[in-house]
Amino acid sequence: MNFSPVKSEVRKVHTSKLPYLLGSFVLILLVAQVLVSNRLATSGLKLTKIETEIQTLTENSTDMRQKIASFSSLKTIEDKAKGMGFIVQTKPVYLSQEPPVAFDLP
């Protein structure tokens, strides 16, 4: 009993499909790599845009803090008060005695 021709035919069929399977596998890996690279590049672009926006907002926040400090300074408040007609009192006015709570009526 000689079964060797059948075995060699089976091996030929399996070995002839192997290059196609390997080629398909490599092609699938290449497509996956392109998709992953594209996604990473897009994510990097979004990250750069977000970092730029954070930097701009931080600068705006710093500018706003400086403006708030400037507007709330005593010198600025004094200048605004003078512009509204308030004057600096050099001589304070004191009441010599407490005013009565109720007056006596005759």
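Laboratory data are not the source of any read-out in this text; all were calculated from the coordinates shown. Note that this is a predicted model, so its numbers are computed, not measured. FYI the Cβ positions are ideal-geometry reconstructions off the backbone, even for glycines, and counts take in every protein chain you see.
Looking at THR48, ALA32, THR58, which one has the Cα that reaches farthest to the positive end of the dipole of the stretch 26-65 (charges on Cβ: Lys, Arg +1; Asp, Glu -1)? Of the listed residues, the answer is ALA32. Value of Rg to Rh for the stretch 4-83, rounded to two decimals, is 1.76; Kirkwood radius and Rg both from alpha-carbon coordinates. Counting lysine pairs in the stretch 4-83 that sit 8 or more residues apart in sequence, or on different chains, and whose Cα atoms lie under 23 Å apart gives 4.
Along the stretch 25-31 the Karplus relation, 6.51 cos²θ - 1.76 cosθ + 1.60 evaluated at θ = phi - 60°, assigns HN-Hα couplings of 5, 5, 4, 4, 5, 5, 4 Hz to successive residues, with x for each Gly and Pro.
Treating the beta-carbon of each Lys and Arg as +1 and of each Asp and Glu as -1, no other charges, what is the dipole magnitude of the stretch 4-83 about its Cα centre, to the nearest 20 debye? The partial results should precede the final answer.
On the way: 12 positive and 7 negative charges, 95 e Å.
So the dipole magnitude of the stretch 4-83 works out to roughly 460 debye.
Report the convex hull volume per residue for the stretch 62-104, counting only C-alpha atoms, in Å³. Don't jump to the answer; show the numbers that get you there.
Numbers: hull volume 6.4 nm³, N = 43.
Dividing the Cα hull volume of the stretch 62-104 by its residues yields 149 Å³.
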